[in-house]
């Protein structure tokens with residue numbers, strides 16, 4: 001003989017976790033897609049500190065990095081000073097270019113000035129010197 005079992009009613013107080021997991025994953029995807037990642041070159045340089053931050057125009061410029069030993073890296077590729085002049089001249093023929101100079105704070109001042117002079121001679125329209133801004137630091 002079969003006895004009928006009473007049907008269980010779902011409690012209206014219980015919270016289903018599946019929609020919550022879906023919302024969390026959607027939020028995670030949203031934040032991953034909208035976050036801004038700073039692309040840093042693989043060159044180990046220590047930028048000098050500044051007090052006031054200027055406008056960020058890094059997207060419009062080509063990047064030239066100088067490490068503490070005086071090696072030059074144009075867009076991440078090591079170049080000599082002679083080749084640097086030729087490459088900058090070629091780039092400035094195609095369009096108006098700006099140069100972002102990321103020099104280590106321990107690089108000789110004379111080398112930085114000579115590279116700035118070399119870039120102007122090659123036809124670079126503007127030179128921006130990169131620095132590290134620390135808003136909490138007070139002099």
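Structure above, values below:
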{"quantity": "Identity of the residue in segment 84-96, out of contact with any strand residue (DSSP E or B) (no Cβ under 7 Å at 6 or more places or on another chain) and within 18 Å of residue 112 (Cβ to Cβ), that ends up surrounded by the fewest Cβ atoms within 10 Å (Cβ to Cβ)", "calculated": "85"}
{"quantity": "Selection from segment 97-128 of residues that are out of contact with any strand residue (DSSP E or B) (no Cβ under 6 Å at 6 or more places or on another chain) and assigned to a helix (DSSP H, G or I)", "calculated": "109, 110, 111, 113, 114, 115, 117, 118, 120, 121, 122"}
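We did not get these values from a lab; they are worked out from the coordinates using the rules stated. Values in this document were obtained by computation on a predicted structure and should not be read as measured data. Positions of Cβ are generated from backbone atoms using ideal geometry, with glycine treated the same way; all protein chains shown enter the neighbour counts.
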